[in-house]
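**Student:** Let me give you the structure first, and then I'll get to my questions.
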Amino acid sequence: MAEHNKRVAVVTGGSRGIGRAIIMELAEPGVSVAFNHYDPPDDIAADETIRMAKEKGCEIEAVRLDVSDYQAVHDYIKGVGDRHGGIDILVNNAGITRDNLLSRLKEADWDAVLAVNLKSAFNCTQAVARSMMKQRYGRIVNIASVVGAMGNAGQANYAASKAGIMGFTKSIARELASRNITVNAVAPGFIETEMTAKLPDKAKEAFLGQIPMGRAGQPEEVARVVKFLVSDDAAYITGQVIHLNGGMYM
Ligand code: NAP
């Protein structure tokens with residue numbers, strides 16, 4: 001932990017789904033979490049995350065911020081670090097899909113997915129790295145996807161962004177290891193969230209048919225792996241991609 005007497009975490013995309021579950025795993029007295037979210041015009045989901053985290057005794061704050069905006073992210077992370085005296089944990093979780101087959105994939109959908117899923121990790125990680133290096137402590141977890149390892153028809157943009165996350169994770173892990181900063185990725189398979197709820201039934205069935213355990217994963221199952229990776233028990237784990245998919249990819 002940094003010199004400040006609490007654990008400070010930044011989680012991107014914390015208003016719902018896996019991000020919210022990660023916040024709930026981290027939430028306890030003595031922990032301060034800052035999260036962001038972006039799209040809906042209202043803050044209903046973000047407010048619910050705040051309420052749930054406060055119930056667990058956690059200090060929590062949220063902003064509406066586009067993680068693909070380089071300068072806005074740097075200003076935001078600096079603000080969080082200044083207010084709390086440092087940042088211990090960064091979870092790069094925010095992500096989107098804009099699926100289509102290659103022949104129909106629009107340039108804008110390629111750019112948006114790469115920006116929100118991959119450039120965001122660069123933005124946030126670069127912004128926290130200097131202060132983590134100074135304090136000689138940090139835990140960074142990037143949320144990848146099984147699709148980044150396997151590929152998936154109709155998700156070339158998404159798969160490229162998640163494969164990029166894996167390469168980014170390993171490179172940054174090598175750069176930051178000597179400063180006691182671990183950098184790992186978690187690659188979930190098919191997890192029940194709003195992201196997968198919007199898939200057509202046929203696509204859901206196709207995913208489920210590929211899972212030896214015969215069921216979708218839950219956001220909490222991803223969150224518990226993230227919690228382990230940011231714990232002292234995982235101090236010697238860095239540069240790894242932890243797959244979590246019911247056996248879909250081995
Ligand atoms: P989700 O339910 O759609 O939630 C996505 C979160 O990201 C929301 O909080 C959303 O907030 C935020 N977000 C989206 N665009 C953003 C932006 N530009 N700036 C800031 N925040 C933004 O998705 P999920 O299923 O929990 O997925 C979370 C992560 O896990 C993603 O990286 C996803 O690729 C990955 N993953 C998911 C699955 C799965 O099966 N669900 C599998 C593998 C990997 P707003 O709605 O407010 O924008």
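The values are calculated or read from the model by the stated rules, or taken from the named source; none is laboratory data. Just so it is clear, the structure is predicted and the values come from calculations on it, not from any experiment. When we count neighbours, we look across all protein chains shown, and the Cβ atoms used for this are built from the backbone with ideal geometry, even at glycine. Please note that ligands, DNA and RNA were not included when accessible areas were found on the heavy atoms of the full protein model with its side chains. Shrake-Rupley method; radii C 1.70, N 1.55, O 1.52, S 1.80 Å.
**Student:** Quick one: which residues, 5+ away or cross-chain, put their amide H under 5 Å from the amide H of ASN142? H built at 1.01 Å from N.
**Tutor:** Distant-sequence amide H within range of ASN142: ASN92, ASN184, ALA185, VAL186.
**Student:** Hey, got the Cα dimensions of region 138-250 along the principal axes, in Å, largest first?
**Tutor:** The principal-axis extents, from largest down, are 47, 26, 24 Å.
**Student:** Identify which of GLY148, GLY239, GLY85 has the largest mean-square fluctuation in a Gaussian network model of the chain, with springs joining Cα atoms closer than 10 Å.
**Tutor:** The residue with the greatest mean-square fluctuation here is GLY85.
**Student:** Quick check: Cα centre of region 200-218 to Cα centre of region 3-47, how many Å?
**Tutor:** 28
**Student:** Probe radius 1.4 Å, ligands and nucleic acids left out: which of MET150, MET166, MET250 has the largest accessible area, and how do the rest follow?
**Tutor:** So, going from the largest accessible area down, we get MET250, MET150, MET166.
**Student:** Moving on to the next point. Could you report the chain's accessible area per residue, 1.4 Å probe, as an integer in Å²?
**Tutor:** 48
**Student:** Of the accessible area of region 7-244, with the probe set at 1.4 angstrom, what percent is carbon plus sulfur?
**Tutor:** The value for region 7-244 is 52 percent carbon and sulfur by accessible area.
**Student:** Which whole-number percent is the relative contact order of the chain (Cα, under 8 Å, 6+ apart)?
**Tutor:** About 20 percent, as a whole number.
**Student:** Dipole size in debye (nearest 20) for region 152-250 around its Cα centre, Lys and Arg Cβ +1, Asp and Glu Cβ -1?
**Tutor:** Magnitude of the dipole: close to 240 debye.
**Student:** What angle do you read, to the nearest 10 degrees and between 0 and 90, between the alpha-carbon axis of helix 17-26 and the longest principal axis of the chain?
**Tutor:** 30
**Student:** Now, a different point. Distance between Cα centroids, region 64-80 to region 161-178: provide it in whole Å.
**Tutor:** 20
**Student:** Here is a further query. With every protein chain in place, what's the accessible area of ASP99 (1.4 Å probe, Å², nearest 10)?
**Tutor:** Per-residue accessible area (ASP99): approximately 70 Å².
**Student:** Could you point to the residue in PHE207, ALA9, PHE168 farthest towards the positive end of the chain's charge dipole, with +1 and -1 charges on the Cβ of Lys/Arg and Asp/Glu respectively?
**Tutor:** Of the options given, the answer is PHE168.
**Student:** For a quick check, take a GNM of the chain with Cα springs below 10 Å and name the residue from TYR70, TYR236, TYR158 with the largest mean-square fluctuation.
**Tutor:** TYR236
**Student:** With only Lys, Arg, Asp and Glu charged, each at its Cβ (+1 for the first two, -1 for the last two), find how big the charge dipole of the chain is about the Cα centre; round to the nearest 20 debye. Intermediate results must be reported in sequence, preceding the final value.
**Tutor:** On the way: 28 positive and 29 negative charges, 131 e Å.
So the magnitude is around 620 debye.
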